[in-house]
Protein chains: 2
Amino acid sequence: MGGNAILQRGQRGTTEEQLENIRGTAASIVTIIELGYRVVLTHGNGPQVGNILLQQEEARTIVPPSPLDVCGAQTQGQLGYLIQQSLDNELSHRGLRMPVVTVLTQVLVEAHDPAFRNPTKPIGPFYTEAKARRLMAQKGWAMREDSGRGWRRLVPSPKPLAIWEASIIRKLVEAGAVVISTAGGGIPVVRQADGRLQGVEAVIDKDLAAQILAHEVGADSLLILTDVQQVSLNYRLPDEVKLGRITVSQAKQYQKEGHFKAGSMGPKVEAAVRALEAGARCVIITALDQAVDALAGHTGTRVVPDDDA
Amino acid sequence: MGGNAILQRGQRGTTEEQLENIRGTAASIVTIIELGYRVVLTHGNGPQVGNILLQQEEARTIVPPSPLDVCGAQTQGQLGYLIQQSLDNELSHRGLRMPVVTVLTQVLVEAHDPAFRNPTKPIGPFYTEAKARRLMAQKGWAMREDSGRGWRRLVPSPKPLAIWEASIIRKLVEAGAVVISTAGGGIPVVRQADGRLQGVEAVIDKDLAAQILAHEVGADSLLILTDVQQVSLNYRLPDEVKLGRITVSQAKQYQKEGHFKAGSMGPKVEAAVRALEAGARCVIITALDQAVDALAGHTGTRVVPDDDA
C-alpha cells in the first residue's frame, strides 16, 4: 500500500486522520481475506518519517536526533499498531477470528550498492541554502535545492536484496496470521565483514521491497495499491491509454520507452517485472479502493507472464 | 529488562549510547540462550517515550502530536529494532542460528479500571505552573508539581489483563524464535462495547505486564532485571538485609510491611507474587549484568512457591 493509504496529501497527519484512512483500507483487506486470500501487507511511511525528522529537528538541542534507520523503525511501530488494530477490529466486526501481527523488518542491502555514491531520495525538512551548506559541511550530508521550496537532504536508495525476517514471516503466514511487515521498504541494513548487521541511513523503495517480500514468502500474487486505478501509457496526455492486461515483455518495453515516472509508477512496474521473472503468477497495480474489484478482474492493470498472454 | 538496560541515568539518549548499553545486555541474554533457555524478552521504554513527548512538544505547531499509545508503539519499533539487531549480531558472533523477532504488542486493560479516575504516573516534559494550568483546562490533563522541577502530566496506570498477541508470541517461541514483545508494558487498549479495540492514554507497569506475558506464554521462570543485585529489606538503611531466597508468603509479608517502594521494587515483588500464584516455578530479581550468575543460583533474589521453602 502506498503512503496515501494512511495519510492523504494535504492532511496534517493527526492520528485521527490516519486511523480514518486506514479504516477504509482495512475494510478492503478484510474483504480480500474473506475471498480466501492469505495476506501479507506492506506499506509506505514517507510522510510519517518526514514528521519524525521535523520533530527531531525542532527538539535537536534537547533530544539527540536518531539516525534514519531508527526513525524508520519508529514508523514501523507507529503504523503497524494503527493498521494492526484496524484490521483486528474489522476482522472481529465481521466475525472472523484471525491473529494479526506486525513484524519489525530489516532489509539487507549491499554495502557496495552504487546508490551509496549517488544519493537521490529527498527526505525531511526544507532548509535555507546557508543552513544546508552548514549541514553538508558538518554532517557530510548530500543536499539539493528541491523545486524552489528550499534545500533538502538526499539519501541513497539502494536495491533490496533480502528480507532478514523472511523465515519468521513465512511461519506466521503458515500459522494463519495476517502479517504486516517491511514497512517503508524495511529498515536498511548491511552486513559487515564480521557478519554483523549495521543499520544504514538510506531509504529502500517500498515497491521493490514488496517484490522481494512477495518472492520470499512464496506469494502467488503481488497487489500494488496506489492512487491510480490503472497504469497508463502517455499518462495525463491527450492520447493517454489505460492498460488492462499486459505481459512482462510489454511492461519492460513500455518502461524502456519512458512511460513510467521514476519514484512513482516506474518502481511499481519494475517491481511487477521482477516479481513475474522470479516466478509470481500475477501482479496487479490499482487504486486502494479498487483492490477487491481488481482481484476479480474488473479493473486495475494486470501484469502476467508472457506465456499467459 | 528495566529501562536502564537501554539508557542509563545521565545519558542523553543518542542511538550510539543505547546500542552500546544494549550490546552488553544482548551478550547476557545470548549466554542464557546457550544455557538452553527459550527466551521471551520484554523491556521498559520510559526515557524513550519521554524523548518523543519532548520532540512532539517542540514541534507541536508544525506536526500534530500523537497520543500516548502511538508514542508507545513508536518506541516498540525503535527499541525492538536496536535490541533485535544486537541479539542477531551476538547470536551469529557465537555461531548460533536462531530467528529473532519483535512483535508489536497491545495489552488489554479494563475500561473501568479505577486507575482511570486517579492518574498517578508522571510522564513527559516539565511545564511552568501557568502552562500546566492551561493544559489542564484545554486538554483535560491531570498534572502535578513534581519534586520542585516543574509540573508534569499524570496518566493512569491500569492493571494489565491480557496480552492481545499472546497466541502469536507462543507460536513464535514454539517455532524456536527469540521474541521481543510487550515493550514498555505494552500498548494499552480497551475493548469497547462493540468489541473493537481502542488505544488509551495510559502507561502499564512493565513488571506487571511481564508477569502476564510470562503466564500467557507458559514460562517456567520470570527473570526481572533491574539495577540492584538483590532485593533488600530496609533498603539503604544501616540494617539493610539482602534477600537470597524467599517464599511467596514471605514476599507478601515484606510487601505488606512496606519494604518495597511503589514504582520501583514494589511492582517487581508484586509481579513475582502474581507469577508464582499463577503457576510459575521461580522468579528471579537481579541486576542486568548478574542475570547468568543469578540463574545459576549464585546471586539475585529468588522467589519460590511456599512448598519449595
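Could you tell me the calculated FRET efficiency between B:SER249 and B:GLU34, based on Cβ-Cβ distance and R0 = 25 angstrom, to the nearest 0.05?
About 0.15, to the nearest 0.05.
Give me the net charge of B:GLY186's neighbourhood, meaning all other residues with Cβ under 11 Å from the Cβ of B:GLY186; Lys, Arg count +1, Asp, Glu -1. Working shown, then result.
Details: positive: B:LYS206; negative: B:ASP69, B:GLU165, B:ASP205.
Residues close to B:GLY186 contribute a combined charge of -2.
Applying the Karplus parametrisation 6.51 cos²θ - 1.76 cosθ + 1.60 with θ = phi - 60° to the phi angles of the stretch B:235-246, what ³J(HN,Hα) value in whole Hz is obtained for each residue in order, glycine and proline being reported as x?
Each residue's phi maps through the Karplus curve to give 3, 6, 9, x, 9, 4, 10, 7, 9, x, 8, 9 Hz.
For helix B:265-277, report the angle its Cα long axis makes with the longest principal axis of the Cα atoms of chain B; keep it between 0 and 90° and round to the nearest 10°.
50 degrees
With the cut-off at 1.5 for a/c, could you classify the stretch B:188-257 from its C-alpha gyration tensor as rounded, prolate or oblate? Mind dumping the intermediate values first?
Working: a/c = 2.82, a/b = 2.21, b/c = 1.28.
Prolate, because a/c is 1.5 or more and a/b exceeds b/c.
Give me log10 I(q)/I(0) at q = 0.08, 0.14, 0.16 Å⁻¹ for chain B, Debye formula, one equal scatterer per alpha-carbon, no solvent.
So the normalised log intensities work out to -0.36, -1.14, -1.45.
Could you list which residues have their amide H under 5 Å from that of A:ALA162, counting only those 5 or more apart in sequence or on another chain, with H placed in the peptide plane?
So A:ALA162 has HN proximity to A:LEU108.
Does the stretch B:124-271 come out rounded, prolate or oblate, given a ≥ b ≥ c as the square roots of the eigenvalues of its C-alpha gyration tensor, rounded meaning a/c under 1.5 and, failing that, prolate meaning a/b above b/c?
On the way: a/c = 2.40, a/b = 1.10, b/c = 2.17.
Note, shape of the stretch B:124-271 comes out oblate.
For a quick protection proxy, order the peptides B:72-79, A:221-228, B:84-91 by their average other-Cβ count within 10 Å, most packed first. Provide the component values of the computation, followed by the final result.
Working: B:72-79: 29.4, A:221-228: 20.6, B:84-91: 23.6.
Descending packing order for the listed peptides: B:72-79, B:84-91, A:221-228.
Normalise the Cα radius of gyration of the stretch B:206-309 by 2.2 N^0.38 Å (N = residues in it) and let me know the number. Please list the in-between numbers first.
Working: Rg = 12.5 Å, N = 104, 2.2 N^0.38 = 12.8 Å.
Working it through for the stretch B:206-309, the quotient is 0.97.
Where does the charge balance sit around B:GLN255 when Lys and Arg score +1, Asp and Glu -1, over other residues with C-beta under 12 Å from its C-beta?
Working: positive: B:LYS252, B:LYS256, B:LYS261, B:LYS268, B:ARG274; negative: B:GLU257, B:GLU270.
Here the count lands on +3.
Quick one: which of B:LYS121/B:LYS242; B:LYS159/B:LYS268; A:LYS171/A:LYS268 span more than 19 angstrom between C-alpha atoms?
As for pairs spanning more than 19 Å Cα to Cα, those are B:LYS121/B:LYS242; A:LYS171/A:LYS268.
By how many degrees, between 0 and 90 and to the nearest 10, does the Cα long axis of helix B:68-93 differ from the longest principal axis of chain B?
With rounding to tens, the tilt is 30 degrees.
How many percent of DSSP beta bridges within the protein assembly as shown run antiparallel, rounded to 5? Could the numbers behind the result be given before it?
Numbers: 37 of 73 bridges.
The antiparallel proportion sits near 50 percent.
Based on Cβ point charges of +1 for Lys and Arg and -1 for Asp and Glu, what charge dipole magnitude is obtained for chain B about its Cα centre, in debye rounded to the nearest 20?
For this selection, approximately 740 debye.
Measure nothing fancy, just the Cα-based angle from helix A:206-216's long axis to the longest principal axis of chain A, in degrees from 0 to 90, nearest 10.
Taking Cα atoms only, the helix is inclined about 50 degrees.
Mind giving me the nanometre distance, one decimal, between the label points for B:LEU233 and B:ASP307, set 7 Å out from Cα along Cα→Cβ?
2.6 nm
So what does B:MET98 come to for accessible area, using a 1.4 Å probe and Å² rounded to 10?
About 60 Å², rounded to the nearest 10.
Tell me, what is the 1.4 Å probe accessible area of A:ARG23, in Å² to the nearest 10?
120 Å²
Whenever you get a sec, line up A:LYS139, A:LYS256, B:LYS206 from highest to lowest accessible area (probe 1.4 Å, protein heavy atoms).
Ranking A:LYS139, A:LYS256, B:LYS206 by accessible area, largest first, yields A:LYS256, A:LYS139, B:LYS206.
May I ask you to report, in nm to one decimal and beginning with the shortest, the distances from B:ARG94 to the same position in the other copies, taking label points 7 Å along Cα-to-Cβ?
4.5
Output ³J(HN,Hα) for the stretch A:147-158: one whole-Hz value per residue in order, computed from phi by the Karplus curve 6.51 cos²θ - 1.76 cosθ + 1.60 with θ = phi - 60°, and x for Gly and Pro.
Computed from phi, the couplings for the stretch A:147-158 are 6, x, 9, x, 9, 10, 6, 10, 10, x, 10, x Hz.
What does the charge add up to near A:LEU104, with Lys and Arg as +1, Asp and Glu as -1, over the other residues with Cβ less than 14 Å from its Cβ? Write down the numbers at each step before the final one.
Numbers: positive: none; negative: A:ASP69, A:GLU165, B:ASP88, B:GLU165.
Overall, the nearby charge balance is -4.
Looking at chain A only, what percent of DSSP beta bridges run antiparallel? Nearest 5 please. Intermediate values should be presented prior to the final figure.
Working: 18 of 36 bridges.
So the antiparallel bridges amount to about 50 percent of the total.
Quick check for you: which residues of the stretch B:45-67 have the amide N under 20 Å from the point 7 Å beyond the Cα of A:GLU57 toward its beta carbon?
B:52-66
Could you give me the ³J(HN,Hα) list for the stretch B:297-303, computed from phi with Karplus coefficients 6.51, -1.76, 1.60 and θ = phi - 60°, whole Hz, x at Gly and Pro?
So the Karplus estimates, Gly and Pro as x, are x, 8, 7, x, 10, 9, 9 Hz.
If the only charges are +1 at each Lys and Arg Cβ and -1 at each Asp and Glu Cβ, what is the size of the charge dipole of the protein assembly as shown around the Cα centre, to the nearest 20 debye?
Values: 66 positive and 66 negative charges, 236 e Å.
The calculated dipole for the protein assembly as shown is roughly 1140 debye.
When 1/r is averaged over all different Cα pairs and the result inverted, which Kirkwood radius in Å belongs to the protein assembly as shown? Show your work: numbers first, answer last.
Numbers: mean 1/r = 0.0391 Å⁻¹.
Hydrodynamic radius (Kirkwood, Cα pairs) of the protein assembly as shown is 25.6 Å.
Using a 1.4 angstrom probe with every protein chain in place, what is the largest-first accessible-area order of A:SER28, A:SER92, A:SER181? All intermediate terms of the calculation are to be shown ahead of the outcome.
Working: A:SER28 25, A:SER92 55, A:SER181 0 Å².
Ranked list, largest accessible area first: A:SER92, A:SER28, A:SER181.
What value, in deg cm²/dmol to 500, does the helix sum -39500 (n - 2.57) over DSSP H runs of n ≥ 4 give at 222 nm once divided by the residues of the protein assembly as shown? List each step's numbers first, then the result.
Working: 18 runs with 234 residues, N = 618.
Value at 222 nm, helices only, nearest 500: -12000 deg cm²/dmol.
Cut-off 10 angstrom, C-alpha nodes, Gaussian network model of chain B. Which of B:ASP239, B:ASP220, B:ASP194 fluctuates the most?
Highest fluctuation among the options: B:ASP194.
The values are calculated or read from the model by the stated rules, or taken from the named source; none is laboratory data. Fair warning: this is a prediction, and the values are worked out from it, not measured in the lab. Note: ideal-geometry Cβ built from the backbone for every residue, glycine included; neighbour counts use all protein chains shown. To get the accessible areas, we keep the full protein, side chains included, count just its heavy atoms, and leave off ligands, DNA and RNA. Shrake-Rupley method; radii C 1.70, N 1.55, O 1.52, S 1.80 Å.
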